[in-house]
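Down below is the structure, laid out as structure tokens.
The values are calculated or read from the model by the stated rules, or taken from the named source; none is laboratory data. Only a predicted model underlies this, so the values are computations on that prediction, with no experimental measurement involved. Cβ coordinates were reconstructed from backbone atoms using ideal geometry, including for glycine residues, and neighbour counts include every protein chain displayed. Heavy atoms of the whole protein, side chains included, go into the accessibility calculation; ligands, DNA and RNA do not. Shrake-Rupley method; radii C 1.70, N 1.55, O 1.52, S 1.80 Å.
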Amino acid sequence: MRRMLLWLPLLLFAALFGLVALGLFKPADRTVRSAMVDKPLPDFTLPAMLASKPGIARSSFGGGKPRLINVFASWCVPCIAEAPELMKLKAAGVPIDGIAINDTPEAIQTFLDRNGDPYQRIGNDKASQVQIALGSSGVPETFLIDGRGRIVRQYVSNLQDDQVDDILKTWRGMR
Amino acid sequence: MRPLPRFLRHAGLVPAPNERQASCVESKGIRLRRVGPRHKAGVTVVLGLILAAINPALAEKASLADTQLSDPAKEAQAKALMETIRCVECQGQAISDSNADIAGNMRSLIRERIKAGESPEQVRAWLIQRYGDYISYDPPLGGATWPLWAAPFVLLTIGIVIARSSFRRKR
């Protein structure tokens, strides 16, 4: 028994070493996900970012019509990469509202002229207040809101093709 | 479309999982290229004072990210809370230490809510509702966290047992 016990520290060390090595070669997923998924959209009102489009408010969600909220910014590089995916969704008929973080109307207009404009409404969230209320931690992020005004899904970072398919499938199922 | 390289994904505020340190730096790089106005805190304060002279209502709306509350007791409460809220961009830091935009916006939000009369624990609960326990550096005692709280006592007990047995052997 004593003999066996002698090996215990080495075994403990090996276990710890294995744990650390695992963390090194397979890092944990550090994506911050919203805790608001499966909860009703919080109450908010955002003024219009552009003169040509209305701002957005909680009252425009629900009412039987699922919609997307896209949190974006003109200064965000992945948002440019995401633009074609959003245009695909727009072409498929998915209504998309934008929440612009820390931005100016001029910069947003330039961004939309250059990358396409998938948005029906764009709210001006200068100080991230609504972004934080949604549990979003960065740009771009996309939230799918169902016909009852609940947040059904959150997509962190720029949308990929498979996520676009997932949105389309879920959106068609909800209509 | 070809998938983007890892470093380009969501680099705006939340970094890709395995590029965390790099993209905190990188997001500063993006910030340099930003179109919107960026001021040093001092400029903001001066601008705020000018605005206050012109229109008090406008000054009220200014960001409280780097502006202390006029009530020292409330400022102390807000500061203490900020030190225990995690920044979601540079995830090892508290929002009081982080230069990330979203951390500044969270500081502003905390000051506004405390100024409006909410208690720090109410604000913490509101943030936990948004981001989960993850956002707080003060983990609550619960089903998943009790081993964390029990660990010091368990380790101390093991230590006492080892110490006792080894002292006994010496005698």
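Structure summary
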quantity: Helical contribution to [θ] at 222 nm, DSSP H n ≥ 4, -39,500 (n - 2.57), averaged over chain A, rounded to 500; calculated: -12000 deg cm²/dmol
quantity: Chain A, accessible surface, carbon-and-sulfur percent (1.4 angstrom probe); calculated: 61
quantity: FRET efficiency, 1/(1 + (r/R0)^6) with R0 51 Å, evaluated for A:Gln129 and B:Phe167 via beta carbons; calculated: 0.25
quantity: Estimated buried accessible area (total), pair A and B, 1.4 Å, Å² to nearest 100; calculated: 2900
quantity: Partner aspartates and glutamates for B:Lys115 [C-alpha distance under 12 Å; skip if fewer than 8 residues away on the same chain]; calculated: B:Glu60, B:Asp71, B:Glu75
quantity: Helical segments meeting 24 Å axial Cα length and Kyte-Doolittle -1.0 threshold in chain A (DSSP H); calculated: A:8-25
